[in-house]
1. Compute the helix-to-body angle for 2-32: its Cα long axis versus the longest principal axis of the chain, expressed 0 to 90° and rounded to tens.
2. May I ask which residue of 48, 9, 82 lies farthest towards the positive end of the charge dipole of the chain, with charges of +1 (Lys, Arg) and -1 (Asp, Glu) on Cβ and the Cα centre as origin?
3. Longer than 22 Å from Cα to Cα, which of 106/151; 106/133; 113/147; 91/113; 105/151 are they? Say none if no pair is.
4. Once you put a point 7 Å from the Cα of residue 53 and another 7 Å from the Cα of residue 10, both along the Cβ direction, what distance in nm separates them?
5. How far apart, in nanometres, would the label points at residue 155 and residue 74 be if each is projected 7 angstrom from Cα along the Cα-to-Cβ direction?
Amino acid sequence: MKMDQKKLMLIGGIVLTVLIIGGVFVASRKTTEPNQPEEELLPTEALIPTLDSSASVDLISSSAGREVALQIKNIPEGTESIDYELSYQTKQQGLQGVIGTIEMKKNDSNVDKTLTLGTCSSGACVYHQVVGKIRLNLRFTGKYGDKVFEKEYDI
């Protein structure tokens, strides 16, 4: 019986040696492959033109900082909708924001929209305590394609 144990240990040692040599061989092949230079990545999105200077956009604080009035004048002709996104830091909740879409009516060239800086549900509102600047992003969509507007406001 002692002889069978020796044979079994010898076979196990040979198998282990073959596995180690095979692992070293595979590992050495991976490191000898030439490094290919990384390809330059192309942007996935085309740049969207900015809103021209004939339009004016303003964000005005109202209601003791609980709301802001978004005022847009001289909106480009053919505009069908305006997507808006406000983002701001708050004292308690960190980064917060307001998003939405304004559907344009024919011949509208101005917008005046009041936006709440907080959340309202069932008639009760919880207002955010804004710290710092408010970032406004607008996307104008119309017959001309898309145009964007971005600006930060001190409120």
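Coordinate-derived values only; no laboratory data. From a predicted model like this one, the values you see are computed outputs, not experimental measurements. No Cβ is skipped: glycine too gets one built from the backbone with ideal geometry, and neighbour counts run over all protein chains shown.
1. So the inclination is approximately 40 degrees.
2. 9
3. From the list (106/151; 106/133; 113/147; 91/113; 105/151), the Cα-Cα distance tops 22 Å for 106/151; 106/133; 91/113; 105/151.
4. If labels sit at residue 53 and residue 10, their model points lie 9.2 nm apart.
5. 2.5 nm
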